[in-house]
Amino acid sequence: MIKTNLTGIYFRETTTNDKIDKTYYITYKNEQNKKVWQKIGKYSEGIREAYCNQKRNEILTKQRNGEEPPVIAQKKKRNVLSIETIANEYFTLRKDGKSKLTDKSHFTHYILPYFKNLDFENITKDEIQKFTFQLKKTKSVLKKELLADKSINNILNFLKALIKYAFKNDFIKNDFSKYIILLDIDNARERFLTKEEIETLYENSKDDETLFLLFNLALKTGGRLETLLNIQKKDIDFSHNLLTLKDFKNNSTYKAFLTDDLKSLLEKKVVDLKLNDQLFPSNPERRLRKILDELFNEGIDFNDRKNKIVFHSLRHTFASHLAIIGTPIFTIQKLMNHKDIRMTLRYAKLAPDSGKAFVEKLPF
């Protein structure tokens, strides 16, 4: 056992997944003046000396105030484990970012109200099923409409992550995340913009420089919105007509080709920008959604993922038209930066050699 610079904090050198690790312990004397060792956790799990020191001080403070020390308290009826306790510690270990904010919102608005007064260590399969059923009847806090199936799955996935964290860190004895069953969703968008619809989109956005450029980038590179919003001036290679794109979904970068008209738009855009400046300093997502809804989504149900046109539909449009003009499927895969060819194969049915000519030659 190796002593740290903090009183009562020790660690043992261990390995986790063949990598060097530390397992932290704290020590203190109980009410019978006997030395107690308590395991806190591993460095690889996010445990640090400061956190161990905080836990030790909490125990000592309770003892000074006349409260029962942990050794005795464990022999009595255990306090109810609150889901807030687990979530608060879990979020302290998460890196700041959009996904963390989204998960916090899901927890605050949908998960916490249901589980707040339940003993999280004794959650049953029945409770999980009831929660899932309730989500199906719950309205979105922002849109005031019933939660979409995809949103429900996002909430359930976060709850699953929270349960697994609690199990891994010995908050609970059973991993009841196995009771969480996600909703079946057909995510395949079938509708893509026709050539005439693309011309309509350009015509109706030409007076808004930001939207016009974003629509052009999406339709001529297939980039996702997050990818396009993070383009910097240094990512553009005008000499070779190349654009470096960051794929946040796959955590990779790939190259897109610049058409002459897209190159012209970008040259005008970057004139006054520094190398590290982003093309789009803010996210115009609401304006993008508004114009797409006005032009293409009138009368379409909010949850109709197959036919509703959203910004991601432009990526789908890019791949679909590549297939229509006969682009080899592996070339489309490369241009879309798909890691799995199965993602690209759904466009194969649009290719001119997909079998249509043979069907038309049938003798009946």
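I'm trying to understand the selection: among the residues of region 144-201, which are touching a His at 6+ places or on another chain (Cβ under 7 Å) and farther than 19 Å from Ser99 by Cβ?
Residues of region 144-201 that are touching a His at 6+ places or on another chain (Cβ under 7 Å), as a first pass: 154-155, 158, 189, 192.
Arg189, Phe192, listed by residue number.
Got a sec? Which of Phe296, Phe311, Phe318, Phe302 is closer than 16 Å to Thr221 by Cβ, touching a residue at least 60 places away in the same chain (Cβ under 8 Å) and more than 21 Å from the chain's Cα centre (by Cα)?
Values: Phe296 fails: closer than 16 Å to Thr221 by Cβ; Phe311 fails: more than 21 Å from the chain's Cα centre (by Cα); Phe302 fails: closer than 16 Å to Thr221 by Cβ.
Going through Phe296, Phe311, Phe318, Phe302 in turn, just one is closer than 16 Å to Thr221 by Cβ, touching a residue at least 60 places away in the same chain (Cβ under 8 Å) and more than 21 Å from the chain's Cα centre (by Cα): Phe318.
Quick one: would you say Ile309 is within 29 Å of Ser99 (Cβ to Cβ), at pLDDT 95 or above, in contact with a helix residue (DSSP H, G or I) (Cβ under 8 Å, 6 or more places away or on another chain) and surrounded by 15 or more Cβ atoms within 10 Å (Cβ to Cβ)?
Numbers: within 29 Å of Ser99 (Cβ to Cβ): yes; at pLDDT 95 or above: no; in contact with a helix residue (DSSP H, G or I) (Cβ under 8 Å, 6 or more places away or on another chain): yes; surrounded by 15 or more Cβ atoms within 10 Å (Cβ to Cβ): yes.
It is false that Ile309 is within 29 Å of Ser99 (Cβ to Cβ), at pLDDT 95 or above, in contact with a helix residue (DSSP H, G or I) (Cβ under 8 Å, 6 or more places away or on another chain) and surrounded by 15 or more Cβ atoms within 10 Å (Cβ to Cβ).
What are the residues in region 153-176 that are of a type in the set (Lys, Arg) and part of a helix (DSSP H, G or I), if any?
Result: Lys160, Lys164, Lys168.
Give region 312-348 a look and list any residue that's within 25 Å of Arg289 (Cα to Cα) and β-branched (Val, Ile, Thr), or say none.
Passing the criteria: only Thr317.
Please note which helices (runs of 4 or more DSSP H) are completely contained in region 177-285 and include at least 3 residues that are over 17 Å from Ile309 (Cβ atoms) and not hydrophobic (A, V, I, L, M, F, W, C). Quick ask: steps written out before the conclusion?
Working: elements: 195-205, 209-221, 225-229, 260-269.
In region 177-285, 209-221, 260-269 are the helices (runs of 4 or more DSSP H) which contain 3 or more residues that are over 17 Å from Ile309 (Cβ atoms) and not hydrophobic (A, V, I, L, M, F, W, C).
Failed condition for Thr61, given (1) among the polar types (S, T, N, Q); (2) at pLDDT below 90; (3) under 30 Å from Ile155 (Cα atoms), with all others met?
In the conditions (1) among the polar types (S, T, N, Q); (2) at pLDDT below 90; (3) under 30 Å from Ile155 (Cα atoms), Thr61 misses (3) alone.
Tell me, please, whether a residue that is under 24 Å from Ile341 (Cβ atoms) and within 25 Å of the chain's Cα centre (by Cα) can be found in region 256-277.
yes
All but one of (1) of a type in the set (A, V, I, L, M, F, W, C); (2) surrounded by 12 or more Cβ atoms within 10 Å (Cβ to Cβ); (3) under 29 Å from Asn230 (Cα atoms) hold for Leu146, so report the exception by its number.
(3)
Here are some residues: Lys290, Lys274. Which one is surrounded by fewer than 12 Cβ atoms within 10 Å (Cβ to Cβ) and over 24 Å from Leu335 (Cα atoms)? Lay out the reasoning, then the answer.
Working: Lys290 fails: surrounded by fewer than 12 Cβ atoms within 10 Å (Cβ to Cβ).
Testing whether each residue is surrounded by fewer than 12 Cβ atoms within 10 Å (Cβ to Cβ) and over 24 Å from Leu335 (Cα atoms) leaves just Lys274.
The values are calculated or read from the model by the stated rules, or taken from the named source; none is laboratory data. Bear in mind the structure is a predicted one, so any value in this text is a computation, not a measurement. Cβ coordinates were reconstructed from backbone atoms using ideal geometry, including for glycine residues, and neighbour counts include every protein chain displayed.
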